[in-house]
Amino acid sequence: RFGPPGTMLTDDPENDLRVLFHHYVDRHFAKRKDYQEKEMTERLTATFRKKNLLERYHKARLGDDTYGVTIPFVATQQDDPRPIRALKPLNLNQAEATAIREHGDAWHARLSRLSKMHVMPRNMLFAVKYPPRNQDRRYTAAQEIEALLTETRGVVVENFENRKALIQFAETE
């Protein structure tokens with residue numbers, strides 16, 4: 001893939017060339033912590049667009065001015081402070097089991113806070129990207145996080161690759 005040519009005015013062409021090389025050739029942007037979940041969100045957006053579901057769902061910040069959580073797919077109902085449905089891509093395919101647990105624990109804490117604030121979605125689905133099953137420690141960590149998240153009322157976890165289940169959740173009234 002390539003894009004249109006660009007120009008740059010610079011006082012340090014060697015450094016700027018190195019930065020561009022690392023970004024486009026070494027793909028440093030793909031190693032950012034949130035990159036995988038952004039990619040997952042884009043894929044779901046394309047899927048939902050094909051199924052005409054984007055009219056129902058929008059990106060929303062749940063909470064108030066003291067605490068808020070942004071979720072990419074939220075369906076609301078007029079005169080109801082709680083969203084009726086929400087869907088959040090969640091990457092649990094981290095390089096280490098500790099990182100998987102930390103990321104999952106953070107989302108469990110967010111759910112708990114939203115629940116206490118009475119703005120927790122009535123139904124919420126985490127579309128999870130899992131590590132390979134043969135990666136015992138990482139896969140076990142992901143399973144622990146799945147169990148932890150589903151302890152919250154109204155929360156379900158589904159494999160990100162199971163598009164049929166994700167679409168079915170999104171289509172439900």
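If you fit an axis through the alpha-carbon atoms of helix 136-149 and take the longest principal axis of the Cα set of the chain, what angle between them do you get, 0 to 90°, nearest 10?
40 degrees
Taking springs between alpha-carbon atoms closer than 10 angstrom, which of Asn91, Asn162, Asn123 fluctuates most in the Gaussian network model of the chain?
The residue with the greatest mean-square fluctuation here is Asn162.
Using alpha carbons only, how many degrees (0 to 90, rounded to 10) separate the axis of helix 35-50 from the longest principal axis of the chain?
Around 60 degrees separate the two axes.
With N set to the residue count of the stretch 105-173, report its C-alpha Rg divided by 2.2 N^0.38 Å to two decimal places.
Ratio of Rg to 2.2 N^0.38 Å for the stretch 105-173: 1.19.
Go through the stretch 44-89 and name the chymotrypsin sites (Phe, Trp or Tyr not before Pro) that are in a DSSP coil and have 16 or fewer other Cβ atoms within 10 Å of their Cβ.
Tyr67
For the chain, count all C-alpha to C-alpha pairs, find those more than 18 Å apart, and express that count as a whole percent of the total.
66 percent
Taking amide hydrogens as modeled 1.01 Å from N in the peptide plane, which residues meet the under 5 Å criterion relative to Phe160, leaving out close sequence neighbours?
Result for Phe160 returns Val128, Lys129, Tyr130.
Given the Cα-Cα distance of Ser112 and Lys38 and 0.36 nm per residue of separation, how much length would full extension add, in nm?
The Ser112-Lys38 span can extend by a further 24.3 nm.
To the nearest 0.05, what FRET efficiency results for Leu9 and Glu55 with a Förster distance of 45 Å applied to their C-beta separation?
The formula returns an efficiency of 0.55 here.
Go ahead and run the numbers for FRET between Gln143 and Asp79, Cβ-Cβ distance against an R0 of 35 Å, rounding to 0.05.
FRET efficiency, Gln143 to Asp79: 0.35.
What number, in percent, do you get for the relative contact order of the stretch 76-173 if the mean sequence gap of Cα pairs under 8 Å and at least 6 apart is divided by its residue count?
33 percent
What residues qualify as long-range amide H neighbours of Tyr57, i.e. H under 5 Å apart, gap of 5 or more or another chain, H built at 1.01 Å from N?
It is none; the list stays empty.
Where a number appears in this text, it was derived from the coordinates with a stated rule and is not lab data. What you are looking at is a predicted structure, and each value in this text was computed from that prediction instead of being measured. We place every Cβ from the backbone using ideal geometry, glycine too, and count neighbours over all the protein chains shown.
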